[in-house]
1. Exactly one condition in (1) of a type outside the set (Gly, Ala, Ser); (2) open to solvent by 10 Å² or more (accessible area, probe 1.4 Å); (3) more than 22 Å from residue 17 (Cα to Cα); (4) in contact (Cβ under 8 Å) with a residue 12 or more places away in the chain is not met by residue 117; state its number.
2. Looking at the stretch 11-36 only, could you name the residues that are part of a loop (DSSP other than H, G, I, E, B) and among the acidic types (Asp, Glu)?
3. Enumerate the pairs (first residue in the stretch 56-72 and farther than 20 Å from residue 14 by Cα; second residue anywhere and open to solvent by less than 50 Å² (accessible area, probe 1.4 Å) and of a type in the set (Phe, Trp, Tyr)) with beta-carbon separation below 6 Å, excluding pairs fewer than 6 apart on the same chain, so at least 6 apart or on different chains.
4. Quick one: is residue 123 surrounded by 13 or more Cβ atoms within 10 Å (Cβ to Cβ) and among the small types (Gly, Ala, Ser)?
5. Of all residues in the stretch 126-153 being in contact (Cβ under 8 Å) with a residue 60 or more places away in the chain and among the acidic types (Asp, Glu), which is least open to solvent (accessible area, probe 1.4 Å)?
6. Got at least one residue in the stretch 103-113 being more than 11 Å from the chain's Cα centre (by Cα) and aliphatic (A, V, I, L, M)?
Amino acid sequence: MQISKRFVSPNQAPRKIKDSPPCLIVYHITEGNIDSVRKTFLNPKTEVSAHYVILRNGEIENYVSPEASAWSNGILWNPTARIIKERLVHFLNRDYSVNDISLSIEHEGFGYQDITEAQYKASAELTNHLTRLYDISLDRDHLIKHNSIRASKSCPGKLNIDK
């Protein structure tokens, strides 16, 4: 697995839970092309970022260090993910946020279309790397879609995590 470009998004924060590695990977779709994503993630006024973006050709870009919290998971609304529901009291009390326990992977594209085979391959390689590095379980409790945190979102569209 190789990172093709590294950026430093201003839209990040130190993780609130010290000495605790991330325990989730959250998958997203950008709903735009890489040019619009770069403008968004590098603009401090947007207050939006992700750790990684996988381009349509399979290249991987890094915007936030995995040691920091990316601003990607936003609002909790009718969550269905087990880990989110188990920790809901901590999120509601603002002890920490979903961003503090997760890594976010965006996929360039639009929700109405599936991601490319190159993106699936790169996403699998990145997922395998991150799960080994941070001892994240390789199961559907720990690899989740954005809409399992915020049910009002369609993100990540047609992306098939099981694939």
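1. Exception for residue 117: condition (4).
2. 19, 31 - these are the residues of the stretch 11-36 that are part of a loop (DSSP other than H, G, I, E, B) and among the acidic types (Asp, Glu).
3. 60/52
4. yes
5. The extreme case among them is 141.
6. Taking every residue of the stretch 103-113 in turn, none turns out to be more than 11 Å from the chain's Cα centre (by Cα) and aliphatic (A, V, I, L, M).
The values are calculated or read from the model by the stated rules, or taken from the named source; none is laboratory data. Quantities reported herein were computed from a predicted structural model and do not represent experimental measurements. Ideal geometry is used to build each Cβ from the backbone, glycine not excepted, and the neighbour counts take in all protein chains shown. Heavy atoms of the whole protein, side chains included, go into the accessibility calculation; ligands, DNA and RNA do not. Shrake-Rupley method; radii C 1.70, N 1.55, O 1.52, S 1.80 Å.
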